[in-house]
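Each remark here refers to the structure printed beneath this line.
The values are calculated or read from the model by the stated rules, or taken from the named source; none is laboratory data. Computed from a predicted structure; not experimentally measured. Cβ atoms come from the backbone with ideal geometry, glycine included; neighbour counts cover every protein chain shown. Heads up: the accessible areas ignore ligands, DNA and RNA and are worked out on the full protein's heavy atoms, side chains in. Shrake-Rupley method; radii C 1.70, N 1.55, O 1.52, S 1.80 Å.
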Amino acid sequence: MLFRFGSAILLAVAVSLVGIALEKESLKLKRQVSRQHYQLDVLVDAHAKMKLATQRAGSPRQVLNSMERGELGVETNQQPVSTNRREMPLLQWHLNHSSQQADDEN
């Protein structure tokens, strides 16, 4: 009888210790998840700030101001720009390419 009572108490203590260990592990994982959510929020805020800074730095007003102050160098192209804007280079290539194929087939 005493043996059964002692084993029942020992079993109850073992179950409670296992429950405590599982609860500790659960709390540890919850802390990690909470920390990761915080880090994600910090990274999202940093991303938004960087994106805003990039948009401000690339705005036409900022670029013109930088050019006027001499911070940005302006390079000119030696080749003249095509004045005929009605011709699309890619479309012309396709037309020339297809006409060459038609000539090759004949």
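I'd like to verify a number: residues in segment 1-21 that are open to solvent by 90 Å² or more (accessible area, probe 1.4 Å) and more than 50 Å from the chain's Cα centre (by Cα), how many? Steps first, answer last, please.
Of segment 1-21, the ones open to solvent by 90 Å² or more (accessible area, probe 1.4 Å) are 1-5, 10-11, 15, 17, 20.
Filter once more, so that each one left must be more than 50 Å from the chain's Cα centre (by Cα): 1-5, 10-11.
So the count comes out to 7.
Would you call residue 56 among the basic types (Lys, Arg), touching a helix residue (DSSP H, G or I) at 6+ places or on another chain (Cβ under 7 Å) and either in a helix (DSSP H, G or I) or loosely packed, with under 10 Cβ neighbours inside 10 Å (or both)?
Values: among the basic types (Lys, Arg): yes; touching a helix residue (DSSP H, G or I) at 6+ places or on another chain (Cβ under 7 Å): yes; either in a helix (DSSP H, G or I) or loosely packed, with under 10 Cβ neighbours inside 10 Å (or both): yes.
Yes: the conditions hold for residue 56.
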